[in-house]
Structure formats: structure tokens, C-alpha cells
Amino acid sequence: MLTAPPLIRLCQQLPSAERRAIWHGPWGALRLIGTRHEIIQTVFVDPSDPADRASGNEPAWSSQGRWRVALTGTAFQIRVWRALARLQPGQRITYRGLAEQIGRPRAVRAVASAVARNPVPVLIPCHRVVRSDGDLGGYLGGRERKCRILQWEQSQESA
């Protein structure tokens with residue numbers, strides 16, 4: 001379980017990806033791409049995609065301690081992603097609530113755009129953002145996957 005927010009390093013330019021690994025979870029398989037020390041991107045593996053079927057050759061991911069991620073983005077995106085990283089497992093927030101949390105209450109659409117551009121889903125928990133009407137809203141990994149992750153987090157919280 002992701003119990004602590006990832007350590008985030010801001011970059012002008014991302015380092016070259018030299019390693020890939022697969023992290024299996026209730027969301028299916030997640031490809032982690034990065035260096036020896038930091039993750040720069042995560043991508044959901046699509047088992048129906050022939051290119052993704054080759055992921056069986058990649059090593060399984062094992063994490064010791066806190067996740068380390070390297071990010072590049074606008075100052076606004078970084079602000080949104082840092083706020084997301086501070087959300088506790090199982091905690092949900094609306095796009096409006098997130099906009100208020102970062103001190104930009106009228107920037108709800110810009111917050112939604114920054115959430116959608118999160119380069120490391122699951123590690124920075126964009127799946128915890130829901131619509132004001134209570135609907136789960138969209139997710140780059142699909143609504144079903146978002147629902148599975150949220151249910152898993154809730155079950156871990158009550159265990």
C-alpha cells in the first residue's frame with residue numbers, strides 16, 4: 001500500500017529512462033519507467049495490446065521505503081500534483097476541493113486538466129479525485145480501474 005507520499009524532485013528536463021519494471025496490484029499491471037533512483041512515468045499495461053503482452057519479460061517491482069519520482073511540468077501542475085501526493089489512502093477530494101486546497105478556488109477546470117496530465121498515476125493518486133456530484137468522474141486508466149483502486153484502498157484502511 002502507498003502509505004507515504006512519494007518524494008518528488010522537480011526537473012527542468014527528465015532524466016533518461018533506463019529501467020522498466022512491472023508493479024502488479026488490484027488495478028492490474030502498472031509499468032514503472034525510470035532510472036535507478038527515480039520513477040519518471042507509470043503506464044497501465046493493457047493485456048489485450050500485443051506490445052504490452054511482452055511485459056512478462058520485465059522484472060516485477062519491489063519498493064523499499066518511500067517512492068521517489070522525478071517530475072517536470074508547469075508551476076501550476078506541480079502545485080496540483082504535490083497536493084494530490086499529500087492525500088491519504090482512501091481519502092477522496094473533489095476537483096473544486098483540490099482547487100481550494102491549493103488556493104485557486106476558481107481554477108477548477110485547470111485543476112482537472114493538471115490531474116489528467118499526472119505522469120505517475122497511482123504513485124501520485126489522481127484516482128482519489130471525484131466530481132462534486134459524487135460521481136467518480138474519468139480516469140486515464142478507465143472508470144473500472146479507478147473503482148477497483150478506490151475499493152482496494154478502502155479495504156486496506158479497514159483491515
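The values are calculated or read from the model by the stated rules, or taken from the named source; none is laboratory data. Keep in mind the model is a prediction, meaning the values are calculated, not measured. Because the Cβ atoms are built from the backbone with ideal geometry, glycine has one as well, and the counts that use them run over all protein chains shown. For accessibility, only protein heavy atoms count, side chains too; no ligands or nucleic acids. Shrake-Rupley method; radii C 1.70, N 1.55, O 1.52, S 1.80 Å.
What to note about this one:
- Of all DSSP beta bridges in the stretch 9-159, antiparallel share, percent nearest 5: 65 percent
- Summed residue charge, Cβ within 14 Å of residue 105's Cβ, Lys/Arg positive, Asp/Glu negative: +4
- Atom-type composition of the exposed protein surface of the chain places 47 percent of the accessible area on carbon and sulfur (1.4 angstrom probe).
- Backbone phi angles across the stretch 147-155, fed through the Karplus curve with coefficients 6.51, -1.76 and 1.60 (θ = phi - 60°), yield HN-Hα couplings of 4, 4, 5, 5, 5, 5, 4, 5, 5 Hz in residue order; Gly and Pro are listed as x.
- Close amide H pairs (under 5 Å, H built 1.01 Å from N) link residue 21 with 32, residues at least 5 positions away or on another chain.
- The chain - Rg over Rh from alpha carbon coordinates, Kirkwood radius: 0.95
- Amide hydrogen neighbours beyond the local backbone of residue 68, cut-off 5 Å, H modeled: 7, 39
- Normalising the average separation of contacting C-alpha pairs (under 8 angstrom, six or more residues apart) by the number of residues puts the relative contact order of the chain at 24 percent.
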